[in-house]
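These notes are about the structure you will find just below.
The values are calculated or read from the model by the stated rules, or taken from the named source; none is laboratory data. Because the structure is a prediction, the values reported are computed rather than measured. Cβ coordinates were reconstructed from backbone atoms using ideal geometry, including for glycine residues, and neighbour counts include every protein chain displayed.
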Amino acid sequence: MPVPAPRQGETLAAGGAPAAPSPRSAEGPPAVSGSASAPASAPPASGPAQAPPLTLLVIEDDPSVAFSVPDKLDTGGRRVRLRTARNLTEAERLLTDDVDCILLDLALDIRQAGEELDTLRQVLRLAPGHAVLVLTAEADAERGAEAVRVGAQDYLFRDELDGRALGRAIRYAVERKRADAAQRQLTESRLRGQENRRLERGLLPKPLLEGSELRFAARYRPGRSRALLGGDFYDTVRTPDGTVHAMIGDVCGHGPDEAALGVLLRIAWRSLTLAGLCGDELLGTLQKVLENERASDEIFATLCTLDIAPDGRRAGLCLAGHPAPLVVREGRRVKLLHYDDGGPALGVLPRARWPRRQVELGGIWSLMMYTDGLIEGRVGQGRQRLGQEGIVEVIGGLRDRGLGGEELLDAAMAEVRELNGGELTDDVAVLLLDRDRGRGRDHGPDRGRGRGPGGR
C-alpha cells in the first residue's frame, strides 16, 4: 500500500511577483504551481545568467501564516522556491540538500506542547548545515534573541513581516551560515595542522650521545608541503660500552604512510641497538619489521648504519641499498666510504645478507651520512643530477672555506637548492658527526649534542 505524501506546498516566487499559493485540501497533497513567467514554449530571454533559486522551507502549522509568506517575499529579483510543512515529521521529509534556509515559527512549541525552544533545537539537529530563521511575536523579543543564542541565524516578528525585511533576512541568514561553516572548517583545519605538527615534532629523534666526545648535527626537510616529517629517518645512540651507533634511512615514497613507517623503523632500530644487535643481525630483524608493517610488497627502505668504536678511530659500516657516507680525515680531501659489497634495500629480497665492513677513521675526522634526496637534485637547467661525486665537490669546497658542523650543513643545503634552481622535491636528511681530539672536551654540557633537525 503506498504511503500518502505529507501535506505540503511548494510555490516558486520571483522578484516580488509571486505565483499564486498552492491550495491545500483534506484529500491529498496540494498542487504545485509554476512560476509567474512566460509559457514553456516561449524562447528564453537573452541576457546574463540568472542566479539559481533559493529554496525556503517554512515550518508552520497555521495556514494563515504559511500562505502569507509568498506574498511578502522580496529578494531583489532572485527566485525563491517555497516548501511548507506543518510539523517536524513533514519537515524532515522535505529537508533535502537543496534547501537553503528554514523559516520556523516558535509558536509551534506552545501549540504542540513542546518545551521552551525544543522545536528549534530539534530543527538544528536535523539540519546542522542549513540556515535557520525564526518567527516570534513582537512582545516576545527576548525569546527570539534566545533562539539566536541557541543557533538560529536571526529572528523576525511575525506581525511585522514585509517583503524587503524577509527577503533580506533570508539572504543574510544563508550567507552568514556559509561564512560560519567556512570559518569552522578553517579553524578545524588549523587545529588539525597544529596537532599534526606537534605529533610530527615529537616523532623526530633526540640523539642519545651523553658522554661521547663526538659532536652531532643534523638537518631534516620533508618533500611534502607544510609537513615536518617525511619518509627519511635517522638516529644516533651511545651504548653502555661507549660505542656510538648512527643510522640513516629512506622509505620509498613521500606520503604520511611512508613517514609513519620511517618512524617505526627508526624506533625499532634504536630498540634493537640498545638490546645489543648490530650489523647483519640487526638489519635482518628490521627487514622482518618492514615486511610485517608495510602496506604492500612494493614498499622498501634503504639504510646505512655505522657503529663507531669507543676510541673513535674505526667503525663498522653496513649498507642496504643506501648511498655511502662521506668522510674527511685530518689533512685529507673529502671522499666517499666506498663499499662495493653492500646488501640490497630492506624488503627487496627475503633472505638477504648485509656484510659489515671495517673502516679506519683516524684521530680527527668528520663523517656525513645523507639520504638520496640530497644528491638527486639537478645541476643547472639540464638533466644532469648532482650525484655522489657532485656532493663530494660541494662539501670539499665548503670545507676549503673553513666551514664545519652546523654551518657546513646549512651551507650545503643552500648550495644544493641553488644548483637545483629551487627547492628539492624529495625528502632530505643529513647527519654529521665530528671528532676533534684537541677540542673534544672543550664543549662542556653541549658535548655530543647538536641542534638536530632544527635550524632549517
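Quickly run through the range 250-275 and pick out the residues that are among the small types (Gly, Ala, Ser) and modelled with pLDDT under 95. Quick ask: steps written out before the conclusion?
Taking the range 250-275 first, the residues among the small types (Gly, Ala, Ser) are 253, 255, 259-260, 262, 268, 271, 275.
Correct list: GLY253, GLY255, ALA259, ALA260, GLY262.
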Problem - Residues being surrounded by 19 or more Cβ atoms within 10 Å (Cβ to Cβ) and out of contact with any Asp or Glu (no Cβ under 9 Å at 6 or more places or on another chain) - total across the range 353-365 - result: 1
Practice task
Could you please tell me which pairs satisfy a Cβ distance under 9 Å, a separation of 6+ or placement on different chains, a first residue in the range 380-408 that is not assigned by TED's automatic domain parsing to the domain that holds ASP426, and a second residue that is β-branched (Val, Ile, Thr) and modelled with pLDDT of 95 or more?
Solution key: none
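Against the definition (in the same structural domain as GLY405 (by TED's automatic domain parsing), among the acidic types (Asp, Glu) and in contact (Cβ under 8 Å) with a residue 12 or more places away in the chain), how does ASP341 come out, yes or no? Break it down into steps so the answer makes sense when it comes.
Details: in the same structural domain as GLY405 (by TED's automatic domain parsing): yes; among the acidic types (Asp, Glu): yes; in contact (Cβ under 8 Å) with a residue 12 or more places away in the chain: yes.
Yes, satisfied.
One line per residue, one yes/no per condition, for (1) of a type in the set (Gly, Ala, Ser); (2) surrounded by fewer than 17 Cβ atoms within 10 Å (Cβ to Cβ); (3) over 25 Å from VAL251 (Cβ atoms):
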{"position": "GLY347", "(1), (2), (3)": "yes, no, no"}
{"position": "ARG351", "(1), (2), (3)": "no, yes, no"}
{"position": "LEU367", "(1), (2), (3)": "no, no, no"}
{"position": "LEU374", "(1), (2), (3)": "no, no, no"}
{"position": "VAL379", "(1), (2), (3)": "no, yes, yes"}
{"position": "LEU386", "(1), (2), (3)": "no, no, no"}
{"position": "LEU398", "(1), (2), (3)": "no, no, yes"}
{"position": "GLU418", "(1), (2), (3)": "no, yes, yes"}
{"position": "LEU433", "(1), (2), (3)": "no, no, no"}
Handout entry: Total residues in the range 294-326, condition over 38 Å from the mean Cα position of the chain (by Cα) and either small (Gly, Ala, Ser) or in a strand (DSSP E or B) (or both)
Key = 6
Exercise for the section: Inspect the range 217-231 for any residue being touching a residue at least 40 places away in the same chain (Cβ under 8 Å) and more than 32 Å from the chain's Cα centre (by Cα) and give the result as yes or no. Expected result: no
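Can you tell me which residue within the range 355-387, out of those that are outside any strand (DSSP E or B) and of a type in the set (A, V, I, L, M), is farthest from HIS245 (Cα to Cα)?
Going through the range 355-387, the residues outside any strand (DSSP E or B) turn out to be 355-356, 361-364, 371-377, 379-384, 386-387.
If we keep only those that are of a type in the set (A, V, I, L, M) too, we end up with 361, 364, 374-375, 379, 386.
On the way: LEU361: 15, ILE364: 18, LEU374: 22, ILE375: 24, VAL379: 33, LEU386: 28 Å.
Applying the filter and picking the extreme gives VAL379.
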Exercise for the section: Scan the range 234-273 for residues that are within 15 Å of GLY316 (Cα to Cα), of a type in the set (Gly, Ala, Ser) and touching a Leu at 6+ places or on another chain (Cβ under 9 Å) and jot them down. Expected result: ALA246
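Scan the range 81-109 residue by residue and report those that are in a loop (DSSP other than H, G, I, E, B) and within 15 Å of ALA127 (Cα to Cα). If you could, list the steps in order and put the result at the bottom.
Keep residues of the range 81-109 that are in a loop (DSSP other than H, G, I, E, B), which gives 86-87, 95-100, 106.
Matches in the range 81-109: ASN87, LEU95, THR96, ASP97, ASP98, VAL99, ASP100.
Please enumerate the residues belonging to the range 334-345 that are charged (D, E, K, R) and either crowded, with 18+ Cβ neighbours inside 10 Å or under 17 Å from THR302 (Cβ atoms) (or both). Before you say what the answer is, go through the steps one by one.
Of the range 334-345, the ones charged (D, E, K, R) are 335, 340-341.
Answer for the range 334-345, where residues must be charged (D, E, K, R) and either crowded, with 18+ Cβ neighbours inside 10 Å or under 17 Å from THR302 (Cβ atoms) (or both): ASP340, ASP341.
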Problem - Of all residues in the range 218-249 being of a type in the set (A, V, I, L, M) and either out of contact with any helix residue (DSSP H, G or I) (no Cβ under 7 Å at 6 or more places or on another chain) or at pLDDT below 90 (or both), the one that is farthest from LEU431 (Cα to Cα) - result: ALA227
